[in-house]
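One structure below.
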C-alpha cells in the first residue's frame with residue numbers, strides 16, 4: 001500500500017513505523033504521519049502525538065476522505081502544508097502552518113494557523129487520488 005502522506009514510499013517504509021513507535025525524527029515526519037493517521041482514522045495515534053498543553057479530550061470522525069498532502073516548507077519547529085480532502089461530494093483545501101515541540105523526547109503537534117476553503121479540481125488537473133490520470137478521466141468521471 002502506498003503511504004497516504006504522498007511521499008511515494010510504501011506505508012510500511014514511511015509512516016507505518018512512525019505510527020507503531022509514536023516517535024518521529026522531525027516535525028515534517030510527524031506532520032506526514034499525522035496526515036496519514038487522519039487518512040487511516042488512527043485517532044489514538046493523533047491524540048498520542050498531540051502536545052499535552054493543547055490536546056483535546058477526544059477526536060471525532062468527520063467522514064472526510066483525505067486525498068493529497070503537499071508540504072510547502074519545513075524547519076525546526078514549523079511545517080507549512082496543504083491538504084486536499086473530499087467531504088461527501090464537496091472538495092476542500094486545508095492550508096496550515098503547524099507548530100511542533102518536543103515533549104518527553106518525542107516531537108508533538110502543538111497548534112497551527114489554518115484556513116479551510118472550497119476547492120474544485122479542474123478537468124485537466126492531475127487527479128488528487130494519485131493515480132497519475134487527469135481528474136476528468138479518474139475521480140471526476142463519476
Just to be sure I understand: with springs between alpha-carbon atoms less than 10 Å apart, which residue in 79, 116, 89 has the highest mean-square fluctuation in the Gaussian network model of the chain?
89
Return 30, 59 ranked ascending by Cβ neighbour count within 10 Å, so the fewest neighbours appear first.
59, 30
With r as the distance between the Cβ atoms of residue 23 and residue 90 and R0 = 30 Å, compute the FRET efficiency 1/(1 + (r/R0)^6) and round to 0.05.
0.25
Helix-only [θ]222 nm of the chain, DSSP H runs n ≥ 4, -39500 (n - 2.57) each, per residue, nearest 500
-5500 deg cm²/dmol
Within a Gaussian network of the chain (alpha carbon springs, distance under 10 Å), most fluctuating of 85, 119, 100:
119
Inter-part distance where the range 86-121 and the range 16-52 are each reduced to a Cα centre, Å:
13
Likely footprinting exposure, 28, 58, 12, fewest C-beta neighbours within 10 Å first
58, 12, 28
Looking only at 65, 22, 90, which one moves most when the chain is put into a Gaussian network model with springs between Cα atoms under 10 Å?
90
Cα→Cβ-extended label distance, 7 Å offset, between residue 120 and residue 72, nm:
2.3
Sequence gap at least 6, Cα distance under 8 Å: using those rules, report the relative contact order of the range 2-84 to the nearest whole percent.
27
Which of 117, 33, 64 has the fewest other C-beta atoms within 10 Å, and how do the rest follow up to the most?
117, 64, 33
Mean Cα-pair separation over length for the range 11-141, i.e. relative contact order, pairs under 8 Å, 6 or more apart, %:
19
One would report the antiparallel percent of DSSP beta bridges in the chain, rounded to the nearest 5, as 95
Taking only Cα atoms, what is the 0 to 90° angle, nearest 10, from helix 27-40's long axis to the longest principal axis of the chain?
60
Find the relative contact order for the range 61-103 and round it to a whole percent, using C-alpha pairs within less than 8 Å whose residues are 6+ positions apart.
34
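Every number in this text was worked out from the coordinates using simple rules, so none of it is lab data. Because the structure is a prediction, the values reported are computed rather than measured. As a convention, Cβ positions derive from the backbone with ideal geometry for all residues, glycine included, and neighbour counts pool all protein chains shown.
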